[in-house]
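Undergrad: Pasting a structure below so you can have a look.
The values are calculated or read from the model by the stated rules, or taken from the named source; none is laboratory data. This one's a predicted model, so the numbers in the text were calculated from it and none came from an experiment. Cβ placement follows ideal geometry from the backbone for every residue including glycine, while neighbour counts extend to all protein chains displayed. We work out accessible area using only protein heavy atoms, side chains counted, and drop any ligands, DNA or RNA first. Shrake-Rupley method; radii C 1.70, N 1.55, O 1.52, S 1.80 Å.
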Amino acid sequence: MEDRNIRLYNSKCDDLKLMKVVRALDVGWSIVDTAFSPDGRQVIYSSWSENIHVVNLWDESGRQEALPLNPVDRRFCVFSLSYSSDGSEILCGATDGKMYIYDLEANQRKMQIHGHFDDINSIAFADDKSEIFFSGSDDGLCKVWDRRLLDTSQSKPVGVFAGHKDGIAFVDSRKDCRYLITNSKDQTIKLWDMRRFSSENAQTNTRKAVGSAQWDYRWEQLPVKFRRYPFSLLEGDTSIMTYTGHRVQHTLIRARFSPKFSTGQRFIYSGCASGALVVYDVLTGKMVKRYRDHKNCVRDVAWHPYKNEIVTSSWDGTMCRYFVRRLMAIDDEIVEITSPSPHPDESASARSLSSLHPNTRRSLRLSARRNARVSNEGWTTVHTGSENEGQDPRRSSRVSISQPQTPSNLRRSARILARQQGDSSAEGWTINHSTSTDSITMSSKSKTMALNQADFKNYGAVDNASGTSSNVSQKYRRCSLHVAESIHNIQKECLVIMNLSKQLSSLTDSQTVDPAEFSKLKSAMASVKHLISDTTVDVNGLMKLMSSLSPTQKIHVKRLKSDFEAAVQSYGNLQKFLISKTSRPKRRNPFDEFDERRTSSDRQLLLEEEQLQRQKQVEVLRQVQADVEILANRQEIVQELERNVVDINDIMKQLANMVTEQGESINAIENNVESTVVNISSGTEELRKASSYQRTRRRCTIFLLLVAMSALLVLAIVLYIELR
């Protein structure tokens with residue numbers, strides 16, 4: 001944001017309670033992008049600066065660390081950031097057309113990759129292995145990179161997607177290493193398959209189309225060629241589907257896949273320059289919902305990974321929160337997916353959800369019953385104003401809710417998929433999705449499942465048409481949601497325990513364990529044990545309800561149980577690893593080496609020697625404590641110096657502004673002096689002309705006087721002669 005503050009909100013509260021405000025450093029114009037580490041401890045942010053900054057959220061002092069990327073260009077900005085799955089590396093896409101990989105363990109820039117000839121607006125990992133990633137640029141191309149094949153001296157993508165007619169604003173992956181979407185300035189979203197890359201001819205056509213765009217999306221009006229429908233495709237376009245209906249202007253608007261747990265990634269939702277939230281159906285390509293509750297451009301959108309909530313952030317300085325009342329199951333055969341218009345009296349706080357899910361079914365009776373059942377249920381919006389409403393609302397707003405790892409409910413028939421992909425093979429979609437945590441973020445890992453016809457029911461949704469009683473349905477919904485969140489929390493705590501165990505296992509015999517780190521490890525393990533015990537009760541409760549559940553819900557319960565068992569197994573393996581790494585051999589007692597033949601004098605000498613060693617150790621400890629105090633004092637001095645440097649930086653910026661203003665004043669004075677010199681020269685010339693005119697006039701006057709005098713003289717002579 002332009003006020004240099006990063007605000008963290010608690011999504012568990014109904015009113016999005018503000019948890020923490022982080023004051024950003026070295027901000028040029030605005031904070032452009034942020035990303036959370038996989039364990040949720042750190043957040044990184046970028047701006048118009050050659051450094052990216054990392055903030056430790058668990059540190060109460062709020063200390064920030066600058067990570068230099070050392071670019072060549074002076075005007076430099078990182079437009080997109082992302083952590084690797086293990087949190088050891090940071091991937092950046094910048095305005096110089098290069099991608100940067102920063103190694104956090106080595107604390108240095110590891111690699112610089114020249115990927116595009118224009119600004120890189122977005123980067124995204126293909127799956128949780130962080131080996132394949134995508135990059136989208138203003139050149140209209142989306143490139144696929146393999147981390148294992150990259151080299152600083154030679155950077156070549158493994159594939160390219162071409163088909164957009166203008167630059168790419170955002171890239172989002174389904175985290176299955178197969179499907180991705182790109183949001184472009186040509187006002188389209190395209191769905192791509194990694195098994196179908198674009199040809200060189202398609203790339204050439206894309207470059208020509210982008211070069212002929214000739215408009216600046218930040219302030220110019222939308223060109224006429226981007227308003228024409230249906231949207232024509234470029235020759236060689238290999239995209240599976242194209243979605244149109246939203247506007248990409250003023251800023252890099254983001255579009256994402258909906259979460260797996262609640263929707264099975266059935267939808268694509270995007271922001272819009274008109275201030276709307278737009279939802280598309282992945283399979284049909286139709287716009288199924290459009291909400292316009294903001295007064296200005298909506299830059300970022302985020303769907304909660306487990307709860308049925310969507311958050312949008314806008315340039316009008318507000319956030320909008322949508323609550324989805326309930327989800328509907330999807331049948332095996334769907335003829336058409338319709339999008340009925342809302343009732344004219346329906347307000348923004350209560351909108352129908354029926355258009356977000358298919359309601360045209362095999363039986364008209366079932367369709368009528370389903371429509372009657374959902375008529376009184378809808379969405380609710382809560383507008384949360386910014387704390388700085390008096391400031392300029394045009395800011396780089398960003399809110400994110402990462403997509404979790406849960407089994408999917410989305411199926412596409414083999415016949416339709418083969419027809420659209422031009423492939424004769426009947427291969428279904430595969431989903432394996434995991435991302436890092438964000439401002440309102442959860443992260444988790446789950447197994448990959450093939451989306452076949454048996455899995456077409458809505459995983460994670462409540463099938464109310466199955467005849468299940470309301471009490472059983474409510475208990476099933478509550479327990480399933482609690483189990484899913486517990487699995488996510490267990491995996492998150494396991495990641496924290498793994499990082500702490502690595503730190504403890506790296507200690508030598510002469511080093512001591514940090515009490516703070518050890519207490520964190522104990523609290524994390526206690527939290528996992530508590531979660532396992534509570535989740536076991538919920539899983540047992542779900543197993544008792546198996547006889548009363550529908551087939552879809554039974555499949556859901558079985559998958560939750562298998563995921564919970566996998567999480568418990570991983571925690572057990574982590575315990576074994578921790579025991580094996582942290583166990584140390586018992587220190588030998590020096591008196592055990594003595595037998596009965598040792599004399600008392602030898603033992604006395606040994607005791608004296610051991611006492612001397614203890615005294616030396618005490619002295620060393622005192623010296624270490626003194627050094628620690630000195631280091632603490634130095635750290636305080638360094639922090640004070642950092643604060644002073646920041647203040648000096650602000651003062652220098654103010655001085656620079658003053659110098660700029662003085663320079664403008666001097667330029668104005670120089671212009672006035674130059675105009676004065678020109679005016680003086682022209683005045684001198686005019687005076688010279690006036691002087692010449694005066695001389696000529698004088699001559700004429702003298703000549704006329706002489707003529708008059710001559711005439712008078714002649715007249716006098718004539719009169720004299722006549723009188724005489």
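Undergrad: Probe 1.4 Å, all protein chains in place: accessible area of LEU641 in Å², nearest 10?
TA: About 100 Å², rounded to the nearest 10.
Undergrad: Using a 1.4 angstrom probe on the protein heavy atoms only, could you order MET709, MET658, MET498 from most to least accessible area?
TA: So, going from the largest accessible area down, we get MET709, MET658, MET498.
Undergrad: Report the chymotrypsin sites (Phe, Trp or Tyr not before Pro) located in region 1-95 that are in a DSSP loop and have at most 10 other Cβ atoms inside 10 Å of their Cβ, or state none.
TA: Passing both the DSSP loop test and the Cβ count: TRP58.
Undergrad: Determine the alpha carbon to alpha carbon distance for each of LYS143/LYS653; LYS20/LYS492; LYS17/LYS260; LYS175/LYS544; LYS143/LYS307 and list only those over 28 Å.
TA: Correct reply: LYS143/LYS653; LYS175/LYS544; LYS143/LYS307.
Undergrad: Report the net charge of residues surrounding ALA668, where surrounding means a beta-carbon distance below 14 angstrom and charges are Lys +1, Arg +1, Asp -1, Glu -1.
TA: Overall, the nearby charge balance is -4.
Undergrad: Estimate the FRET efficiency between LYS110 and GLN611 by the formula 1/(1 + (r/R0)^6), using the beta-carbon distance for r and 45 Å for R0, to the nearest 0.05.
TA: The calculated FRET efficiency here is 0.30.
Undergrad: Be a star and scan region 67-97 for residues whose amide nitrogen sits under 14 Å from the point 7 Å along the Cα-to-Cβ vector of LYS520.
TA: None, by backbone N distance to the label point.
Undergrad: In whole percent, and with a 1.4 Å probe on the protein chains, what portion of the accessible area of region 57-203 is carbon and sulfur?
TA: 42
Undergrad: Rounded to the nearest 10 Å², what accessible area does THR284 show when all protein chains are kept and the probe is 1.4 Å?
TA: Number for this one is 60 Å².
Undergrad: Now for a different question. Quick one: which residues, 5+ away or cross-chain, put their amide H under 5 Å from the amide H of MET19? H built at 1.01 Å from N.
TA: The answer is LEU8, TYR9, ASN10.
Undergrad: ³J(HN,Hα) across region 200-214 via Karplus (A = 6.51, B = -1.76, C = 1.60, θ = phi - 60°), whole Hz, x for Gly/Pro?
TA: Result, ordered by residue: 5, 5, 5, 5, 5, 5, 5, 4, 5, 5, 5, x, 8, 5, 6 Hz.
Undergrad: Rounded, prolate or oblate: pick one for region 180-220, where a ≥ b ≥ c are the square roots of the eigenvalues of its C-alpha gyration tensor, a/c under 1.5 means rounded, and failing that, prolate if a/b is larger than b/c, else oblate.
TA: Oblate is the answer for region 180-220, as a/c is 1.5 or above yet b/c matches or exceeds a/b.
Undergrad: Which value in nm describes the separation of the simple spin-label points at TRP215 and MET658, placed 7 Å from the Cα toward the beta carbon?
TA: 4.6
Undergrad: Roughly how many nanometres apart are two label points built 7 Å out from the Cα toward the Cβ at ALA626 and ALA66?
TA: 3.5
Undergrad: Also: Residue separation times 0.36 nm, minus the C-alpha to C-alpha distance between LEU57 and LEU706: what's the value?
TA: Full extension from LEU57 to LEU706 adds 223.0 nm.
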